[in-house]
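The values are calculated or read from the model by the stated rules, or taken from the named source; none is laboratory data. Keep in mind that what you see is a predicted model, and the values were worked out from it rather than measured. Cβ atoms come from the backbone with ideal geometry, glycine included; neighbour counts cover every protein chain shown. Heavy atoms of the whole protein, side chains included, go into the accessibility calculation; ligands, DNA and RNA do not. Shrake-Rupley method; radii C 1.70, N 1.55, O 1.52, S 1.80 Å.
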Amino acid sequence: MKRRTLIKGLATGLSSLYLSKLYGNSLLTLDSNADIASGPFRPTWDSLSQYQVPDWFRDAKFGMWAHWGPQCQPERGDWYARGMYQEGSDQYKYHIQKYGHPSKFGFKDVINEWKAENWNPEELVGLYKKAGAKYFMALANHHDNFDLYDSKYQSWNSTKLGPKKDLVGGWAKAAKQHGLPFGVTVHASHPWTWYEVAQRADKTGPYAGIPYDGKLTKADGAGKWWNGYDPQELYAQNHALSQDSLNDDSMGSHWAWGNGASVPNKAYCDKFLNRTIELIDKYGPELIYFDDNVLPLWPVSDVGLKIAAHMYNTSVKKHGKLQAALFGKVLDEQQRKCMIWDIERGQSNQIEPFPWQTDTCIGSWHYDRRIFDNKGYKSAKTVVHTLVDIVSKNGNLLLNIPVRGDGTIDSEERTVVEGVGAWLQVNGEAIYGTRPWKIFGEGPAIESAAPISAQGFNEGKGKPFGSEDIRFTTKGKTLYATILGWPAGNEAFVRKLAKGNAIGNVSSVSLLGNDKLSFEQGETGLKVKLPEQAPGKDAFVLKIEGAI
């Protein structure tokens with residue numbers, strides 16, 4: 001994921017005819033050894049628009065994620081395998097101090113340091129289930145191009161190098177053991193441009209002009225620990241640089257394959273397709289998330305359409321009906337009918353007509369020790385407020401807890417997880433299995449909400465939630481009003497439940513985790529007398545009957 005300022009890139013609705021003119025015939029002629037499952041879905045936008053979000057996902061609301069791979073080993077934060085090649089950056093300086101110069105010790109060598117020696121997937125997934133997660137997702141690969149599963153198409157994988165363990169297999173087994181739907185996240189469409197920094201050399205200093213290791217070949221491995229492995233299979237840098245590649249901010253403009261990005265060749269696209277189809281077939285995920293605008297390699301290739309059709313048809317064959325959830329970003333109106341819209345580190349500001357998901361993290365996507373040392377994680381309160389806000393707008397929350405290189409989470413993270421779980425244990429009734437009301441909420445935070453920027457990135461930019469901010473959900477004829485703070489004077493006031501406001505007469509109000517409460521429904525709102533002492537913390541749920 002993503003230390004970046006990203007742009008939307010090319011318009012996502014471009015036609016195949018236009019794309020074939022723009023990029024040649026590769027979009028229309030691409031093939032591979034992958035066996036695309038037959039079934040009702042074909043790899044076209046019209047066919048994929050049959051998609052219906054499964055009810056189990058709509059009911060689940062909250063999932064947890066292990067965004068964990070070799071870039072967590074240095075414990076220096078997001079996009080380490082790119083930042084270490086950017087001369088003068090924090091990660092470059094850290095890398096030289098810890099490992100040596102990137103011409104001698106590249107990211108391939110960081111992989112060799114990574115052992116995941118204390119990884120216990122059963123314990124972690126069990127912790128997440130206890131905290132209220134209803135599905136679990138694990139990283140299958142990142143932009144570093146290292147597969148975390150037993151891949152016959154990518155030699156650089158975790159069963160052969162680094163931990164020498166099938167990490168996706170271990171996570172999948174743990175999820176099954178704990179009865180949670182299992183998903184994978186796929187980020188490996190981007191190495192072609194993302195790793196271009198590894199082609200560089202220092203501009204100054206004692207190593208000026210000495211290339212980093214991004215152009216090494218298999219022959220260069222003679223006598224080295226990686227003898228027999230081809231670094232180009234990892235780095236994918238046997239190509240000309242993108243336009244403006246020497247600009248450290250260029251990845252934002254190249255993310256969606258526009259603005260002079262070097263376009264991947266057919267072999268690269270075929271390999272990505274084969275790796276991903278194998279991942280689906282071997283591990284049977286119910287969910288698959290793509291860290292891409294729309295779909296992987298779109299619009300320069302149709303592999304994403306093929307993968308989506310395969311995922312959906314495989315699900316229909318397995319379950320007798322479609323149970324799969326597939327996520328993409330920056331979707332137009334048509335594409336939102338074909339998959340689930342994912343918003344990164346942000347959320348919608350309205351009730352969305354189709355279910356959607358926020359993916360976010362309590363710290364850096366890749367583990368950063370400094371956040372632990374500085375006590376910089378999001379609090380359980382922030383996570384709860386985010387969850388409540390998202391669910392009121394027809395969304396789900398996927399929350400990453402950064403995992404250390406050794407496979408553990410730290411004590412501060414565990415405290416956050418347990419705090420979220422404690423809240424959901426009392427108040428989950430207002431979250432799980434609910435649907436939005438006719439309005440999502442009320443309160444001052446609505447007026448200051450920041451708009452979505454590209455993939456999302458609007459979290460934390462508005463006014464913090466407080467006791468006047470209320471979010472609504474429904475279940476049958478019950479309305480839940482979650483108050484995002486304990487009101488002064490121990491009295492709640494819900495303006496949207498005023499008499500004559502196109503709602504019914506309230507017949508009862510209770511506080512989850514407490515008894516029924518006295519109330520008065522007037523012309524300006526519903527006034528509720530609360531207990532003298534708050535029965536919990538972070539957010540408080542009124543269960544209201546008669547209003548709908």
(request) Scan the range 294-327 residue by residue and report those that are closer than 18 Å to residue 359 by Cα and touching a Pro at 6+ places or on another chain (Cβ under 9 Å). (result) 324, 325
(request) For the range 136-150, enumerate the residues that are surrounded by fewer than 24 Cβ atoms within 10 Å (Cβ to Cβ) and of a type outside the set (Asp, Glu). (result) 143
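Please report, ordered by residue number, the strands (runs of 3 or more DSSP E) entirely within the range 337-441 with at least 1 residues that are open to solvent by 10 Å² or more (accessible area, probe 1.4 Å).
On the way: elements: 340-344, 356-361, 395-400.
Because the criterion is at least 1 residues that are open to solvent by 10 Å² or more (accessible area, probe 1.4 Å), the strands (runs of 3 or more DSSP E) in the range 337-441 that meet it are 340-344.
Of all residues in the range 217-242, which are part of a loop (DSSP other than H, G, I, E, B), aromatic (Phe, Trp, Tyr) and surrounded by 12 or more Cβ atoms within 10 Å (Cβ to Cβ)? Break it down stepwise before answering.
Quick first cut of the range 217-242, residues part of a loop (DSSP other than H, G, I, E, B) only: 217, 222-230, 236-242.
Narrowing further to those that are aromatic (Phe, Trp, Tyr): 225-226, 229.
If the condition is that a residue be part of a loop (DSSP other than H, G, I, E, B), aromatic (Phe, Trp, Tyr) and surrounded by 12 or more Cβ atoms within 10 Å (Cβ to Cβ), then 226, 229 are the ones that fit.
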(request) Among what's in the range 442-451 and is open to solvent by 50 Å² or more (accessible area, probe 1.4 Å) and in a loop (DSSP other than H, G, I, E, B), pick the residue that is modelled with the lowest pLDDT. (result) 451
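Taking the residues in the range 455-475 that are open to solvent by 20 Å² or more (accessible area, probe 1.4 Å) and hydrophobic (A, V, I, L, M, F, W, C) as candidates, determine which candidate is farthest from residue 503 (Cα to Cα).
Narrowing the range 455-475 to residues open to solvent by 20 Å² or more (accessible area, probe 1.4 Å): 457, 459-468, 475.
Still in the running and hydrophobic (A, V, I, L, M, F, W, C): 457, 465.
On the way: 457: 35, 465: 25 Å.
Going through the qualifying residues, I end up with 457.
Pull up the range 159-216, narrow it to residues that are of a type in the set (Phe, Trp, Tyr) and part of a helix (DSSP H, G or I), then point me to the one that is surrounded by the fewest Cβ atoms within 10 Å (Cβ to Cβ).
That would be 195.
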(message) Looking only at helices (runs of 4 or more DSSP H) that lie completely in the range 1-116, which have at least 1 residues being modelled with pLDDT of 95 or more?
(response) 45-48, 55-60, 80-83, 90-98, 107-113
(request) Identify the residue in the range 526-544 that is under 36 Å from the mean Cα position of the chain (by Cα) and open to solvent by 40 Å² or more (accessible area, probe 1.4 Å) and, among all such residues, is nearest to residue 470 (Cα to Cα). (result) 543
(message) List pairs: first residue in the range 66-95 and closer than 20 Å to residue 158 by Cα, second residue at pLDDT 95 or above and of a type in the set (Lys, Arg) anywhere in the structure, Cβ distance under 8 angstrom, at least six positions apart or on different chains.
(response) 72/404; 74/98; 75/369; 75/404
(message) I'm checking my understanding of the structure. Among residues of the range 243-279 that are assigned to a helix (DSSP H, G or I) and among the aliphatic types (A, V, I, L, M), which one is surrounded by the most Cβ atoms within 10 Å (Cβ to Cβ)?
(response) 273
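Looking at 230, 249, 213, 202, which is the one that is touching a strand residue (DSSP E or B) at 6+ places or on another chain (Cβ under 7 Å) and touching a residue at least 60 places away in the same chain (Cβ under 8 Å)?
Numbers: 230 fails: touching a strand residue (DSSP E or B) at 6+ places or on another chain (Cβ under 7 Å); 249 fails: touching a strand residue (DSSP E or B) at 6+ places or on another chain (Cβ under 7 Å); 213 fails: touching a strand residue (DSSP E or B) at 6+ places or on another chain (Cβ under 7 Å).
It is 202.
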(message) Anything in the range 310-323 that is in contact with a helix residue (DSSP H, G or I) (Cβ under 7 Å, 6 or more places away or on another chain) and over 14 Å from residue 290 (Cα atoms)? List them, or say none.
(response) 310, 314, 322, 323
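Conditions (1) among the small types (Gly, Ala, Ser); (2) closer than 25 Å to residue 150 by Cβ; (3) in contact (Cβ under 8 Å) with a residue 60 or more places away in the chain, marked per residue:
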residue	(1), (2), (3)
263	no, no, yes
276	no, yes, yes
279	no, yes, yes
291	no, yes, yes
296	no, yes, yes
311	no, yes, no
316	no, no, yes
319	no, yes, no
(request) Would you please list the contacts, defined by Cβ atoms under 6 Å and residues six or more apart or on different chains, that run from a residue in the range 460-481 that is more than 17 Å from residue 538 (Cα to Cα) and modelled with pLDDT under 95 to a residue that is acidic (Asp, Glu) and surrounded by fewer than 15 Cβ atoms within 10 Å (Cβ to Cβ)? (result) none
